[in-house]
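To start, the structure itself, in C-alpha cells.
Just so you know, all these numbers are worked out from the coordinates, no wet-lab data involved. Computed from a predicted structure; not experimentally measured. For neighbour counting, all protein chains shown are included, and Cβ atoms are generated from backbone atoms with ideal geometry for every residue, glycine included.
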Amino acid sequence: MSHSFEEMSDEQLVILDDLEILREDLIGELQAINQYQEHILDLENEEAVNTLEHIIEEEKEHVAELLRLIQNLDPAQAEKFKEIL
C-alpha cells in the first residue's frame, strides 16, 4: 500500500529519510569493496594486498550490518529478503 507524503506521519517521514541515508551508505560500502578489489589486482606488494583483503572483509561486515538495519526499518524490504534468501 502506497501513501503520499502528505498522508505520512512525521515518524514515517523520518524513517524514509533514515532509509535513504542507510541505502546511500550501503552503496558506498559496496563501491568500496569493488574499488579495493580492483586495487588488489594492480598491487604487487603482498602486505598491501593482505591489508586491502582485510579491509574488504570489514566492509562486507558493514554491508551486513546496514542490510540488517534496513530490514528493521522497512518491513516490505525485510519480506523481500526472506523471499530470496
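Filtering the range 1-51 to residues that are small (Gly, Ala, Ser) and either farther than 15 Å from His62 by Cα or not in a helix (DSSP H, G or I) (or both) leaves Ser2, Ser4, Ser9, Ala48.
Restricting Ile84, Ile33 to those that are surrounded by 12 or more Cβ atoms within 10 Å (Cβ to Cβ) and of a type in the set (A, V, I, L, M, F, W, C) reduces the list to Ile33. Mind checking whether some residue in the range 35-55 is of a type in the set (D, E, K, R) and under 19 Å from the mean Cα position of the chain (by Cα)? For the range 35-55, residues of a type in the set (D, E, K, R) and under 19 Å from the mean Cα position of the chain (by Cα): present.
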